[in-house]
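Notes for the one structure printed next.
The values are calculated or read from the model by the stated rules, or taken from the named source; none is laboratory data. Please read all numbers here as calculations on a predicted model, not as lab measurements. Here the Cβ is made from the backbone with ideal geometry for all residues, glycine too, and neighbour counts use every protein chain on show.
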2 protein chains.
Amino acid sequence: MSESGQVRTVWTESELTAIAIRAFQGLGLTQTDAADVVRVLVLADLFGLSTHGLSRVESYGERLMVEGIRAQPNIKVESPAPALRLVDGDNGVGPLVGMHALRAAMDAASQFGIGMAFARGSNHFGPISPYSLIAAQEGFASIIGSNATTTIAPWGGSDARLGNSPLGFGVPNPGGQPFLLDMAMSVVARAKIRNALKRGETIPDTWATDDKGRATTDPKAALDGFLQPIGGHKGYGLALMVDIFAGLLSNAAYLTHVKSWVDAPDEPQNLGHFFILINTKVLGSPKWLTERMMDFASILHDSPPAEQGRPVIMPGEIELNKMAQQQVTGITLDAAVVKLLQEHAAKRA
Amino acid sequence: MSESGQVRTVWTESELTAIAIRAFQGLGLTQTDAADVVRVLVLADLFGLSTHGLSRVESYGERLMVEGIRAQPNIKVESPAPALRLVDGDNGVGPLVGMHALRAAMDAASQFGIGMAFARGSNHFGPISPYSLIAAQEGFASIIGSNATTTIAPWGGSDARLGNSPLGFGVPNPGGQPFLLDMAMSVVARAKIRNALKRGETIPDTWATDDKGRATTDPKAALDGFLQPIGGHKGYGLALMVDIFAGLLSNAAYLTHVKSWVDAPDEPQNLGHFFILINTKVLGSPKWLTERMMDFASILHDSPPAEQGRPVIMPGEIELNKMAQQQVTGITLDAAVVKLLQEHAAKRA
């Protein structure tokens with residue numbers, strides 16, 4: 001429910017950053033930690049990913065208030081090998097743990113060319129593209145993933161045993177837009193199935209299964225069932241790979257060991273993430289990389305579009321263009337989110 | 001055309017390895033280099049991936065004979081940063097370059113916990129799962145990719161500008177089967193569309209587009225058009241990521257710069273690969289990793305199957321079981337492949 005009549009809903013990046021930092025301070029975080037969390041969430045809003053932006057203050061806030069997430073965690077970083085980092089998030093807010101892990105991996109990659117951080121004891125860490133962008137701006141290519149609450153069935157199975165785990169990639173382009181790919185493993189989000197149901201339409205049988213794990217074209221049966229992964233067994237395999245790297249190898253929870261934050265908001269989820277960072281600066285000059293990235297994008301852009309007026313785009317273009325636009329016009333936020341931020345900010349000591 | 005009446009088609013692994021090494025020596029490789037190539041291809045046959053196994057002696061052999069591939073390349077490895085390796089394959093046979101890059105990355109990962117090799121100046125390097133298995137047996141988790149000849153259209157485009165690039169992952173399991181995922185980015189292989197055409201059936205509109213880039217259910221139009229990537233824009237993004245890591249960052253060719261080995265067999269393709277290796281031994285004990293990998297697999301196996309008699313499996317299970325079986329019963333090879341191996345072996349100096 002937007003109440004835009006009463007609340008200002010367009011903000012500059014710096015205004016929004018300031019109020020959101022105060023909001024997370026109101027929820028008990030230190031200013032420094034709040035700034036990490038807000039950096040990720042404001043970037044998400046700049047990209048137009050509003051479901052993964054500051055709107056998360058609602059679910060993060062609820063869990064902070066019932067102490068399901070620790071407001072002032074003692075995040076520790078160990079190094080079991082020169083270019084590896086193990087980050088214990090101590091059940092802190094996800095993007096805070098994520099930023100610590102990102103910095104740890106960038107530090108390792110600066111020294112060794114490639115570096116990796118495994119994070120455990122974490123929570124929902126926002127979308128991946130903000131981390132990929134921060135890394136790309138510093139000259140690092142990245143492969144980043146997180147596990148998630150179990151919502152999808154194994155391929156050929158019939159109950160929820162794995163998460164719709166996000167996986168993201170970034171590649172710097174010193175003279176232009178970086179490559180940013182941020183994807184979950186399902187063919188579509190549940191919202192698309194809900195919309196089909198509202199409109200009384202059937203859905204393609206590749207979107208979801210019913211509650212017995214059988215492919216369905218009925219949106220109602222699909223909502224009682226499970227989202228299908230992209231490419232069937234391929235997306236299933238990718239989702240498992242993300243969970244093994246993010247959860248199993250990091251010593252976090254994985255698969256059904258991940259607690260649902262909806263069913264048990266006051267319990268630690270012990271989510272895990274992984275961050276692989278590669279220092280592109282040692283591979284060639286900024287000019288070399290820019291020329292190759294520009295040529296790469298041109299080759300794709302020059303493919304004649306299948307549908308007139310819908311040119312081929314590169315992953316990340318929509319988000320980066322949205323960011324460039326909102327950095328000029330301001331960021332539009334839902335009024336309810338603004339009010340919630342203001343409420344939490346008012347509680348600041 | 002199998003001619004199994006005249007030629008022995010079942011061989012032990014060591015017999016097949018010996019004859020195949022002689023065959024690649026007959027094509028001009030040194031014994032050591034031939035052993036690298038054959039290790040990858042025999043593993044592919046053991047896995048049941050016969051299209052990517054020793055049958056490749058045909059295409060590799062043709063290109064070696066017209067000097068489109070260099071039989072005795074001068075492969076060089078540089079290190080631009082402690083944990084990074086740049087491998088110049090000097091237009092050698094793909095699996096030879098691949099094995100050099102794999103060893104270089106494993107060496108870096110042994111020292112630093114994670115290591116990465118970028119290979120350029122290469123050719124088709126076989127399937128990925130043999131490399132992932134070799135790495136897993138040594139305790140390394142892996143992310144490996146290669147670019148490929150352009151056969152698919154950009155998402156929303158209408159001409160072939162990117163390859164159906166393979167991407168693979170492996171995770172060791174010291175006490176059981178490792179996790180192995182080896183996938184290309186298309187929903188299906190072209191062979192499946194050819195089979196639908198033969199049977200007079202339509203195909204799902206997610207498999208391919210016509211030659212204008214429009215989704216089609218007509219297998220004939222699909223064969224004139226382009227394979228579709230898994231998950232639409234998601235698989236498109238993944239294919240681009242693989243090409244950027246394997247081709248663009250490695251200083252190899254990428255997208256349309258990759259030459260077709262069919263159209264120009266006598267020209268270097270300059271394919272690129274990347275190998276990211278992670279030393280799991282520093283993350284925990286073999287017991288710790290085995291317990292977690294076994295538990296992970298059990299959780300998935302225990303999901304009630306959607307179709308009776310078709311239990312949930314883990315990626316790699318089919319190939320690893322096939323290998324275990326063929327290590328006992330022998331490897332079955334097409335008679336034409338056996339004859340070709342024998343012909344090349346006879347040319348050995």
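Points to keep in mind about this one:
- When restricted to residues that are over 21 Å from A:Met99 (Cβ atoms) and crowded, with 24+ Cβ neighbours inside 10 Å, region A:158-182 contains 3.
- When residues of region A:196-210 are limited to those that are free of Cβ contacts under 8 Å to residues at least 24 places away in the same chain and in a helix (DSSP H, G or I), the one nearest to A:Leu227 (Cα to Cα): A:Ala196
- Within the option set B:Gly145, B:Gly121, B:Gly92, being within 19 Å of the chain's Cα centre (by Cα) and more than 28 Å from A:Pro315 (Cα to Cα) holds for one residue only, B:Gly92.
- Test result for B:Pro174, touching a residue at least 24 places away in the same chain (Cβ under 8 Å), touching a Gly at 6+ places or on another chain (Cβ under 9 Å), within 12 Å of another protein chain (Cβ to nearest Cβ) and not basic (Lys, Arg): no
- Among the residues listed as B:Leu27, B:Leu49, B:Leu54, B:Leu41, the single one being closer than 26 Å to B:Ala184 by Cβ, surrounded by fewer than 24 Cβ atoms within 10 Å (Cβ to Cβ) and either touching a Pro at 6+ places or on another chain (Cβ under 9 Å) or hydrophobic (A, V, I, L, M, F, W, C) (or both): B:Leu49
- Inspection of region B:111-119 finds a residue satisfying the criterion of being surrounded by fewer than 20 Cβ atoms within 10 Å (Cβ to Cβ), modelled with pLDDT of 95 or more and at negative phi.
- Lone unmet requirement of (1) within 26 Å of A:Ala81 (Cα to Cα); (2) surrounded by fewer than 24 Cβ atoms within 10 Å (Cβ to Cβ) for B:His124: (1)
- The residue pairs whose first member lies in region B:234-250 and is at positive phi, whose second member is in a helix (DSSP H, G or I) and crowded, with 24+ Cβ neighbours inside 10 Å, and whose beta carbons are closer than 7 Å, counting only pairs six or more residues apart or on different chains, do not exist in this structure.
- The single condition among (1) without any contact (Cβ under 8 Å) to a residue 40 or more places away in the chain; (2) facing chain B (nearest Cβ under 10 Å) that A:Arg161 does not satisfy is (1).
- Within the option set A:Gly237, A:Gly247, being assigned to a helix (DSSP H, G or I) and under 19 Å from A:Ile69 (Cα atoms) holds for one residue only, A:Gly247.
- A:Glu62 meets all of the listed conditions (1) surrounded by fewer than 19 Cβ atoms within 10 Å (Cβ to Cβ); (2) without any contact (Cβ under 8 Å) to a residue 24 or more places away in the chain but one, namely (2).
- Residues that are more than 11 Å from chain B (Cβ to nearest Cβ) and under 19 Å from A:Pro172 (Cβ atoms) within region A:114-131 comprise A:Pro127, A:Ile128, A:Ser129, A:Pro130, A:Tyr131, listed in sequence order.
- Residue ID - surrounded by the fewest Cβ atoms within 10 Å (Cβ to Cβ), chosen from residues in region B:207-237 that are in contact with a Pro (Cβ under 7 Å, 6 or more places away or on another chain) and within 7 Å of chain A (Cβ to nearest Cβ): B:Gly237
- Qualifying residue in region B:290-313 (condition: among the small types (Gly, Ala, Ser), surrounded by 16 or more Cβ atoms within 10 Å (Cβ to Cβ), in a loop (DSSP other than H, G, I, E, B) and within 10 Å of chain A (Cβ to nearest Cβ)): yes
- Extreme residue, surrounded by the fewest Cβ atoms within 10 Å (Cβ to Cβ), among residues of region B:274-289 that are part of a helix (DSSP H, G or I) and facing chain A (nearest Cβ under 10 Å): B:Trp288
- Odd one out for B:Met106 among (1) within 11 Å of chain A (Cβ to nearest Cβ); (2) surrounded by fewer than 24 Cβ atoms within 10 Å (Cβ to Cβ); (3) hydrophobic (A, V, I, L, M, F, W, C): (1)
- Residue check for A:Ser55: modelled with pLDDT under 95 and under 22 Å from the mean Cα position of the chain (by Cα): no
- If the condition is being in contact with a Lys or Arg (Cβ under 8 Å, 6 or more places away or on another chain) and either part of a strand (DSSP E or B) or more than 13 Å from chain A (Cβ to nearest Cβ) (or both), then region B:132-148 contributes only B:Ile134.
- Among residues of region A:239-273, those that are acidic (Asp, Glu) and surrounded by 21 or more Cβ atoms within 10 Å (Cβ to Cβ), counted: 1
- Residue under evaluation A:Trp155, criteria (1) touching a residue at least 12 places away in the same chain (Cβ under 8 Å); (2) under 30 Å from A:Pro286 (Cβ atoms), criterion not met: (2)
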